[in-house]
Amino acid sequence: MPLIVLGINHRTASLDVRERVAFAPDEMILSLQQGREASGADTLAILSTCNRTELYASGNITQDALLTWLAAHHRLSVDSLGTSYYVLEDDKAVQHMMKVASGLDSMVLGEPQILGQMKSSYAVAQKAGTVDGLLAQVFQSVFSTAKRVRSETAIGQNPVSVAYAAVSLAQRIFSAMNEVSALLIGAGETVELLARHLREQGVGDIIVANRTLARAREMADVFSAEAILLSDIPGYLHRADIVISSTASQLPILGKGAVESALKQRKHRPIFMVDIAVPRDIEPQVAQLDDVYLYTVDDLQEVIEVNLRHREDAASQAEAIIEQGVLNWKNQLRGQQAVGTIRAFRDNFGAMRDAELDKALASIAQGQSAEQVLRQLAHGLTNKFLHAPSTRLKKAGEQGDRNYIRWTHDLFDLPIADETPALDSLTENAASVGGVTTKTTIKDEP
């Protein structure tokens, strides 16, 4: 199975490395098309999130070709990636994709957002025209297995996510959440979860900042929040006790100078900040400021580990479902190997049928009775269908090939008797019409 997964994730690489290999969403289609051509892959899909960048490819391709393109695309040297990447092939690649989609490989065990992100990566690859055939079939098996994990285990029941962890960390700092104000930067799914968790904890004053005001207002309306543009942030930052950012920007949105100005207006009341984005939205130098508590997505690990215990039992059940999913995929792939034979089998017998039918129609046109024509049709079809296999079986019997005979019994669901007529009867009496019994039994020697 020519399938490769090449990836870099939170287990293998630091945030510094991950943000250097992240793909910009608005450039993804072009990146896919360039990547497929440059690497020589037949098909290619890319998953790029805050915790991972993974390339899924199929065809006559090597991991070196994928790695070389990935590094070149981000203007990096292959050596600079060091041991940050991993490569999985064939069955192991399918298993890994199923684990990722099910949330078993996430920083937050069982988090549900990753399945939607993987579906989105598949949809974008379809739009780019870089995924079909084998890789498309793999994605469908992956989604089916992930759906089973979600529906048959409790892995997604507890509210454990990066967004949940960020809000939990804020609760440790602010004893009265109903007295604080929050600025959320971005308007994607993660920010929506943040807004929901903040509301559940009693935060009443929420500001949503986004690149487009329409999207910010759309989310603000849902949570009774205030909507502003990214460019308006400096004028509102001093109001925020909590700042959480998660955008797809390739450049920092919030710099040290803007935060310093806000702190002066706040009379140095502290600000709690969480930067979930990769690449980072908040300049790392902001952490050097007094009265600022800045956390990145990696810093949330401690909070997340406390909540993982609720999902560990479900994870073992999910592993079993994934193992079954991989087995089902292998069986499906093996089954496809017989497709050509099945097609040839049907085409061959279809041609025989059409030939005999043409003869029958000609006989009817010449005035023969319908009953006589039908008998001739049945006789002709049976003889044509059984001639080749009967001849092969007779030869197998002569050569003592008992396996061939047993396989024939299994293929055509024939009864196996202790004593049956000799194989010669297969060719002498392959079929009958008008009350003569058709003989198709085969002698299976002890």
(request) Run through every distinct alpha carbon pair of the stretch 162-300 and return the Kirkwood hydrodynamic radius in angstroms, one decimal place. (result) 14.5 Å
(request) Take the chain, connect every pair of alpha-carbon atoms lying under 10 Å apart with a spring to form a Gaussian network, then pick out the residue of L213, L88, L44 with the largest mean-square fluctuation. (result) L213
(request) Using amide H atoms built 1.01 Å from N in the peptide plane, name the residues 5+ places from V292, or on other chains, whose amide H lies under 5 Å from its own. (result) I271
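Mind checking the dipole of the stretch 156-225: about its Cα centre, +1 per Lys or Arg Cβ, -1 per Asp or Glu Cβ, Debye to the nearest 20? Spell out each step's value before the answer.
Details: 6 positive and 7 negative charges, 27 e Å.
I would put it at about 120 debye.
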(message) Can you compute the helix-only [θ] at 222 nm over the chain? Use -39500 (n - 2.57) per DSSP H run of at least 4 residues, normalise by all residues, nearest 500 deg cm²/dmol.
(response) -16500 deg cm²/dmol
(request) Treat every Asp and Glu Cβ in the chain as -1 and every Lys and Arg Cβ as +1, leave all other atoms uncharged, and give the resulting dipole magnitude about the Cα centre to the nearest 20 debye. (result) 560 debye
(message) So I have (i) 1.47; (ii) 1.24; (iii) 2.32, and one of them is Cα Rg over 2.2 N^0.38 Å calculated from this model. Which one is it?
(response) (i)
(request) Report the paramagnetic label zone for F174: residues of the stretch 214-230 whose backbone N is under 17 Å from a point 7 Å from Cα along the Cα-to-Cβ axis. (result) 223-227
(request) Convert each backbone phi in the stretch 55-68 into a coupling constant with the Karplus relation 6.51 cos²θ - 1.76 cosθ + 1.60 (shift: θ = phi - 60°), then list the ³J(HN,Hα) values in order as whole Hz, x for Gly and Pro. (result) 10, 10, 9, 9, x, 7, 9, 10, 5, 4, 5, 5, 5, 4
(request) With only Lys, Arg, Asp and Glu charged, each at its Cβ (+1 for the first two, -1 for the last two), find how big the charge dipole of the stretch 3-157 is about the Cα centre; round to the nearest 20 debye. (result) 400 debye
(message) I need F412, F23, F174 ordered by Cβ neighbour count within 10 Å, fewest first.
(response) F412, F174, F23
(message) Just to be sure I understand: of the beta bridges DSSP finds with both ends in the chain, what percent are antiparallel, rounded to 5?
(response) 45 percent
(request) Return the sequence-ordered ³J(HN,Hα) values of the stretch 208-224 in whole Hz as given by the Karplus equation 6.51 cos²θ - 1.76 cosθ + 1.60 applied to θ = phi - 60°, using x for Gly and Pro. (result) 10, 10, 8, 4, 10, 5, 4, 5, 4, 5, 4, 6, 4, 5, 5, 10, 6
(request) List the relative contact order of the chain as a percent without decimals, with contacts defined as Cα pairs under 8 Å and 6+ residues apart. (result) 12 percent
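Give the peptides 274-284, 383-393 in descending order of average Cβ contacts within 10 Å, highest first.
Sorting 274-284, 383-393 by mean packing, highest first, produces 274-284, 383-393.
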(message) Can you give me the long-range amide H partners of T43? Hydrogens built in the peptide plane at 1.01 Å from N, cutoff under 5 Å, separation of 5 or more residues or another chain.
(response) S58
(request) Using a/c under 1.5 as the rounded threshold, could you call the stretch 56-101 rounded, prolate or oblate? The axes a ≥ b ≥ c are square roots of the C-alpha gyration tensor eigenvalues, and prolate needs a/b larger than b/c, oblate otherwise. (result) prolate
(request) Could you work out which residue, out of L66, L414, L15, moves most in a Gaussian network model of the chain, that is, has the largest mean-square fluctuation with Cα springs under 10 Å? (result) L414
(message) Suppose the Debye formula is applied to equal point scatterers at every Cα of the stretch 121-192; what is log10 I(q)/I(0) at q = 0.23 Å⁻¹?
(response) -1.06
(request) Would you please give the residues with an amide H less than 5 Å from that of S249, counting only those at least 5 places away or on a separate chain, with H modeled from the backbone geometry? (result) none
(message) Give me a comma-separated list of calculated 3J(HN,Hα) values for the stretch 253-259, in order, Karplus coefficients 6.51, -1.76, 1.60 applied at θ = phi - 60°, integers in Hz, x for any Gly or Pro.
(response) 9, 10, x, 4, x, 5, 5
(request) Starting from the Cα of L76, step 7 Å toward the Cβ, then list every residue of the stretch 259-298 with an amide N under 14 Å from that point. (result) 278-280
(request) Treat the count of other C-beta atoms within 10 Å as a stand-in for reagent exposure and order I173, I271, I342 from fewest to most. (result) I342, I173, I271
(request) Please order I185, I207 by the number of other Cβ within 10 Å, starting at the fewest. (result) I207, I185
(request) Once you've got the Cα coordinates, tell me which of K147/K330; K330/K394; K119/K330; K99/K330 are over 26 Å apart. (result) K330/K394
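We did not get these values from a lab; they are worked out from the coordinates using the rules stated. On a predicted model such as this, the values are computed, not experimentally measured, just so you know. A quick note on method: Cβ atoms are made from the backbone with ideal geometry, for glycine too, and the neighbour counts reach across all protein chains shown.
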